[in-house]
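Beneath this line is the structure, given in structure tokens, with notes to follow.
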Amino acid sequence: MKLLVTGGAGYLGSEVCRQAVERGFEVLATRFHTPPPYGMPIHLDVRDHAEVQRVLMRHGPDVVVHTAYVQGGPAMAETIVRGSRAVAAAAHRSGSRLVHLSTDLVFDGEQGAPYAEAAEPRPLLDYGAAKLEAECLVTQAHPGALVVRTSLLYGKPGPQEALALRDDVELYTDEIRCPTLVDELAAALLELAELDVFGPLHVAAPDAISRYEFARLLRAAAGGDPDGVHGAPSPRYGSGSGRVRNVALDSSKAAGLLPTKLRGAAAAIGLSA
């Protein structure tokens, strides 16, 4: 299989590339600033529609896994929305299967989690709104695309591990997510790349826990004192707050499809908070 991964140097993208190389896939890893550690590097600005078209038509991948994104800042909307549309249109034109990554933050956290795929998205945050717009454009440009919504990723040094070790922040006791190991998600994406499934699919670990509980697990796993994590209820939720309450995902549909079984944070980390 020839696999093209956008964001090949990113937290998830690099793990997808690593596992794909180990499986013997021909891996094309796109880069913008940072060289990807695995696969054949290809420079690509996903915001450049013409460049995306040229790259995909030239290389003709069997599958495109679109992980490239920007979390915030002035380039966020253009990268997520325009970039996703360009990748989807080019993948459709080149005859490539598309696995597009999205987020639990397309939901507002107030409608009764866990959210199944049929739940109505109502993003509160700019990031979630950009991701939802990207989902809509992707499915219009590539009707056979698979849109994978997931949650907080962890498992190798990254922002969640760093946050858990800080003493100067409060982690909210009522902000609920489904933390998911990055290597397990990457394995699931490679399995999904070969399955005939499309539309939205929730792929996250089964345990819904608070950011506070999650940080305690991570700090304990790093050899620290979990009681050093500061927890408190969030002072505010809603539009403009920068926070959502409970966006836990119902991933039972994916669990029935995938050989890889995603583990909850407590079981995966192997410690009790």
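No value in this document is a laboratory result; all are computed from the given coordinates. Since the model is a prediction, treat every value here as computed from it, not as a measurement. Cβ atoms come from the backbone with ideal geometry, glycine included; neighbour counts cover every protein chain shown.
Miscellaneous remarks
- Simple spin-label estimate for M40 and Q71 in nanometres, 7 Å along Cα-Cβ: 3.3
- Shown for D126, D225, D108: other C-beta atoms within 10 Å of each C-beta, ranked fewest to most, produce the order D225, D126, D108.
- Listed by Cβ neighbour count within 10 Å, with the fewest neighbours leading, V81, V106 appear as V81, V106.
- Calculated FRET efficiency, A255 to E51, Cβ-Cβ distance, R0 = 51 Å: about 0.85 to the nearest 0.05.
- Rounded to the nearest 20, the size of the Cβ-charge dipole of the chain about its Cα centre is 560 debye, with Lys and Arg at +1 and Asp and Glu at -1.
- Magnitude of the charge dipole, region 105-232, Cβ model with Lys/Arg +1 and Asp/Glu -1, debye to 20: 140
- Selected from A90, A232, A187 as most flexible by GNM, with the chain as the system and alpha-carbon contacts under 10 Å: A232
- Of the GluC sites (Glu not before Pro) in region 174-224, those whose Cβ has at most 16 other Cβ within 10 Å and which sit in DSSP loop: E194
- In region 155-273, the inverse of the mean reciprocal separation of distinct Cα atoms equals 15.4 Å; this is its Kirkwood hydrodynamic radius.
- Convex hull volume of the C-alpha atoms in region 102-187, normalised per residue: 123 Å³.
- P(r) tail fraction, region 80-134 - alpha-carbon pairs more than 14 Å apart, %: 57
- Here the extension length gained between K2 and E22 equals 5.9 nm, from 0.36 nm per residue of separation less the Cα-Cα distance.
- Helix-derived mean residue ellipticity, 222 nm - over the chain, DSSP H n ≥ 4, -39500 (n - 2.57), to 500: -9500 deg cm²/dmol
- V169-K156 pseudo-label distance in nm [points 7 Å out on the Cα-to-Cβ vector]: 2.0
- Here the Karplus relation 6.51 cos²θ - 1.76 cosθ + 1.60, evaluated at θ = phi - 60°, turns the backbone of region 154-170 into coupling constants of 8, x, 9, x, x, x, 5, 5, 5, 5, 5, 8, 7, 9, 10, 10, 9 Hz, with x for every Gly and Pro.
- Per-pair calculated FRET efficiency, R0 = 45 Å: A222 and Q111 via Cβ, rounded to 0.05: 0.85
- H230 versus F198: modelled label distance in nm, points set 7 Å from Cα along the beta carbon direction: 5.0
- Relative exposure of R97, R149, judged by other C-beta atoms within 10 Å (fewest first): R97, R149
- Only one residue of V81, L153, G95 has its Cα farthest out toward the positive end of the dipole of region 41-196, where Lys and Arg carry +1 and Asp and Glu -1 on Cβ, and that residue is G95.
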